[in-house]
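The values are calculated or read from the model by the stated rules, or taken from the named source; none is laboratory data. This one's a predicted model, so the numbers in the text were calculated from it and none came from an experiment. We place every Cβ from the backbone using ideal geometry, glycine too, and count neighbours over all the protein chains shown. Protein only, heavy atoms only, side chains kept; ligands, DNA and RNA dropped before computing areas. Shrake-Rupley method; radii C 1.70, N 1.55, O 1.52, S 1.80 Å.
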Amino acid sequence: QVQLVESGGALVQPGGSLRLSCAVSGIIFSLSGMAWYRQGPGRQREWVASISHTRNTLYADSVKGRATISTDNTKNTVYLQMNSLKSEDTAVYYCKVVFNGNTYWGQGTQVTVSS
């Protein structure tokens, strides 16, 4: 059974930082690519960042230079480090994995950027 469990969401002030985590089980983690998405209030879910099975990374323009996606194969965890947070980063953040042709999502973690 594939499970993704996000954590790390919080209320942070503009300009602050946080690191989101997504613990993954039930897949061959080291051979899987993963991604982070987010859904802000009244908005559609949007892609934020991806990391391939070869650990190449891609970022949405809206977070490029402020976000870093990474993995820890010993912990089967994918991270999203976000810096210089803005109010428009407020959203529920989800991690996603595609494994054996199936797509799996976590339950999401809330990030609120506000003073």
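Of note:
- Listed by first and then second residue, the pairs linking a residue in the range 65-94 that is farther than 15 Å from SER21 by Cβ to a residue that is β-branched (Val, Ile, Thr) and assigned to a loop (DSSP other than H, G, I, E, B), with Cβ atoms under 9 Å apart and 6 or more places separating them unless they lie on different chains, are ASP89/VAL63.
- Residues within the range 44-55 that are at pLDDT 95 or above and in a loop (DSSP other than H, G, I, E, B), tallied: 2
- Answer residue from the range 4-43, given it is in contact (Cβ under 8 Å) with a residue 24 or more places away in the chain and open to solvent by 70 Å² or more (accessible area, probe 1.4 Å) and is nearest to GLN110 (Cα to Cα) among those: LEU11
- Any chance SER62 is over 10 Å from the mean Cα position of the chain (by Cα), surrounded by 12 or more Cβ atoms within 10 Å (Cβ to Cβ), polar (S, T, N, Q) and not in a strand (DSSP E or B): yes
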